[in-house]
Each structure stands twice: as C-alpha cells, then as structure tokens.
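Note sheet for the following structure.
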Amino acid sequence: MACNMRHVAMPLGERERHILSNVVYWVALAVGGVVLLTLVRQYGVAMTDRHNARKLVAEALRYDEQDAELECQRALGQALLLDPAVCNEVVDRFGPRLSGLPAVRGHLTEIVDAPPQRIGHDMLAKLGILFGRPDQARAHLGGDGALAAPDLGLLAGRLALDAGDIHAAKRHFDAYWEAPGRDRKAAVAAILSKHPKDSHELCAAGRRLIWGGLWHEAFATFDKARAAGAETAESRFYQGVELELNAKSDAALERYRAVLAEVPTHRLALLRLCALASK
C-alpha cells in the first residue's frame with residue numbers, strides 16, 4: 001500500500017510547478033478580464049460622450065437661430081470638451097460664423113496646437129485654413145496635396161491658389177466640382193443671385209467665383225467687369241491667369257507685368273511672374 005502511494009504521489013518540484021502554472025493562468029485570466037472590462041467601459045464612455053457632443057451641437061444650432069450667442073458658445077465648448085472629434089461637424093455647420101464665436105475658436109485652436117489622436121489630417125488641414133495657417137494645412141494634406149476626403153478639394157484649391165500655383169488650384173477645383181452630387185449651376189446662381197451689373201459688383205462676384213473654384217464662370221464675369229470699365233489690377237491678373245492656363249505664356253506675362261507696374265506688392269502676380277520667368 002505504501003509502495004502504491006509513493007507511485008501516485010508527485011515529486012515536490014513537479015507539484016510546485018503545477019500549482020504555479022495554475023496560479024499564473026488564473027491571474028492572467030483575471031487581469032485579462034479586468035483589461036477587457038476596462039476597454040468595454042472606455043468604449044461605452046466614448047460612445048456616450050460622442051452622442052452627447054452631437055446633441056450639444058444640435059442644441060447650439062438652435063441657440064444660433066435664436067441669436068443666443070453666449071448659450072451657443074457654451075454648448076459648442078462643452079461638445080468639444082466631450083468629444084474633440086466633433087470639431088468636424090462644428091466647422092461644417094457653423095463655417096464663417098465661427099469668426100463671431102471667440103470661445104469656440106479658442107477650443108478649436110487648442111485642437112490645432114495639440115491634436116488628439118482621433119483628429120485626422122484632413123480635419124487638421126481644414127482647421128489650418130480656417131485659422132489662416134496655410135503652411136500647417138499643407139503639411140497635413142501631404143507633400144503632393146493628396147486628399148483623403150473629396151470635400152477638401154475646395155480647400156486644397158484655395159491653398160494652392162494662395163501659394164500661387166494656379167495649375168494645382170485648377171486641378172483641385174475641377175476635381176471638386178466634377179465629383180458626384182455637386183451642383184455647379186446652383187453654386188454659380190447663388191453667387192450671381194443679386195445680378196451684379198456695375199464694374200465693382202462684377203469684380204466682387206468674379207472674386208467669389210474664383211475662390212469658390214468656379215473659374216470658367218469667374219473669367220467670364222471678369223470679362224464683363226472689364227467691359228463695364230473695371231480695368232483694375234485684379235481683373236488684369238485673372239485675365240493673365242486665364243491666358244496662362246490656355247498656354248499663352250507670353251500674353252500672360254504681359255498682364256502680370258502690367259499688374260505689378262500698378263501694384264508692385266501684388267503677391268500672386270509676382271509669384272506667377274517668377275514661375276513663368278523661371279521656365
């Protein structure tokens with residue numbers, strides 16, 4: 001009987017290893033469970049924050065319609081604190097109105113200066129444009145100006161134009177307006193809705209069309225402005241742009257030189273003159 005017991009009993013070292021492996025297994029299982037529960041809880045909190053942030057943006061829109069500026073800013077500030085990623089919706093919904101909401105701009109500036117992980121490069125590029133930081137916006141768009149979101153084509157075109165690269169600007173603008181769902185005619189009609197007639201109104205409309213990426217219509221509007229007597233540096237510059245895009249470099253150079261003779265500090269004309277002269 002004693003002999004059988006000695007045969008069944010485990011050696012001391014093997015028994016300790018068996019106990020230790022069981023302890024490690026159960027501890028690992030417990031730690032894994034705690035980590036999983038923590039992740040699930042964090043996900044739930046994040047989803048709740050996102051939902052509440054969107055509700056606050058909707059609430060801010062209602063305040064904005066009531067001209068309740070303080071309440072609007074408070075709601076948007078709370079939304080951005082709950083979920084910084086809601087900044088995309090804030091910018092898209094409020095756009096130019098943000099210039100009159102300094103508290104909200106403060107929150108957005110903090111996001112630009114120290115971007116949270118969930119904020120994508122496209123959104124940071126959009127914020128860079130909104131806050132007048134073109135270099136920062138270009139950095140987030142990438143070296144080739146590649147866009148993950150087609151909606152940024154309009155912004156990329158404006159960046160390229162601001163940098164004096166009219167060919168890249170035209171490509172971005174054309175891609176934007178050729179995308180499905182774009183209503184070019186409605187956009188032009190909205191800009192020309194007041195039926196500009198005198199030279200100043202036509203130049204203003206042409207400027208809005210240019211920065212809206214509607215270059216064909218803009219060039220036609222500037223032609224009307226010149227016909228109405230608006231021989232300004234701006235109208236001559238965009239005449240040069242049209243000539244350059246149509247591969248008439250010599251004629252474009254003449255226009256750019258005429259612009260700089262009148263306004264030596266005209267930055268875009270100087271950029272185009274240098275670009276053509278270096279070819």
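Since every read-out is calculated from the coordinates, none of them should be taken as a lab result. Small disclaimer: the values here were computed from a predicted structure and weren't measured. A quick note on method: Cβ atoms are made from the backbone with ideal geometry, for glycine too, and the neighbour counts reach across all protein chains shown.
Annotations for the structure displayed:
- Derived scalar couplings ³J(HN,Hα) [the stretch 256-273; Karplus, 6.51 cos²θ - 1.76 cosθ + 1.60; whole Hz; x for Gly, Pro]: 5, 5, 5, 5, 5, 5, 8, 10, x, 9, 5, 5, 5, 5, 5, 5, 5, 4
- Sequentially through the stretch 168-178, phi angles give Karplus couplings (6.51, -1.76, 1.60; θ = phi - 60°) of 5, 4, 4, 4, 5, 5, 4, 4, 5, 6, 7 Hz, Gly and Pro residues having no value and appearing as x.
- Among the listed pairs LYS224/LYS248; LYS55/LYS185; LYS126/LYS170, those with a Cα-Cα distance over 27 Å are LYS55/LYS185.
- Extended-chain gain in nm, criterion 0.36 nm per residue less alpha-carbon gap, GLU16 and GLN66: 10.6 nm
- Vicinal HN-Hα couplings computed from phi for the stretch 207-214 (Karplus, 6.51 cos²θ - 1.76 cosθ + 1.60; Hz; Gly/Pro x): 4, 5, 5, 4, 6, x, x, 9
- Extended-chain gain in nm, criterion 0.36 nm per residue less alpha-carbon gap, ALA139 and THR265: 42.7 nm
- Net length gained if the chain between LEU29 and ASP198 were fully extended (0.36 nm per residue, minus Cα distance): 53.0 nm
- Calculated from the structure at hand, volume of the Cα convex hull per residue in Å³ is found among (1) 238; (2) 135; (3) 229 as (1).
- Exposure proxy shown here: for LYS194, LYS170, the number of other Cβ atoms within 10 Å sets the order, fewest to most, as LYS194, LYS170.
- Distance between modelled label sites at ALA114 and ALA190, nm, 7 Å Cα→Cβ extension: 3.7
- For GLY213, the amide hydrogen comes within under 5 Å of no other amide hydrogen, counting only partners 5 or more places away or on other chains and with H modelled in the peptide plane.
- Structural descriptor for the stretch 12-119: relative contact order 21 percent, calculated from alpha carbon pairs under 8 angstrom and at least 6 residues apart.
- Here the dipole of the stretch 184-277 is about 280 debye; that uses its Cα centre as origin and unit charges on the Cβ of Lys and Arg (positive) and Asp and Glu (negative).
- Value of Rg to Rh for the stretch 184-277, rounded to two decimals, is 0.99; Kirkwood radius and Rg both from alpha-carbon coordinates.
- Estimated dipole of the chain in Debye, rounded to 20 [Cβ of Lys and Arg +1, of Asp and Glu -1, Cα centre]: 440
- Exposure proxy order (Cβ contacts within 10 Å, fewest to most) of SER278, SER21, SER249, SER199: SER278, SER21, SER249, SER199
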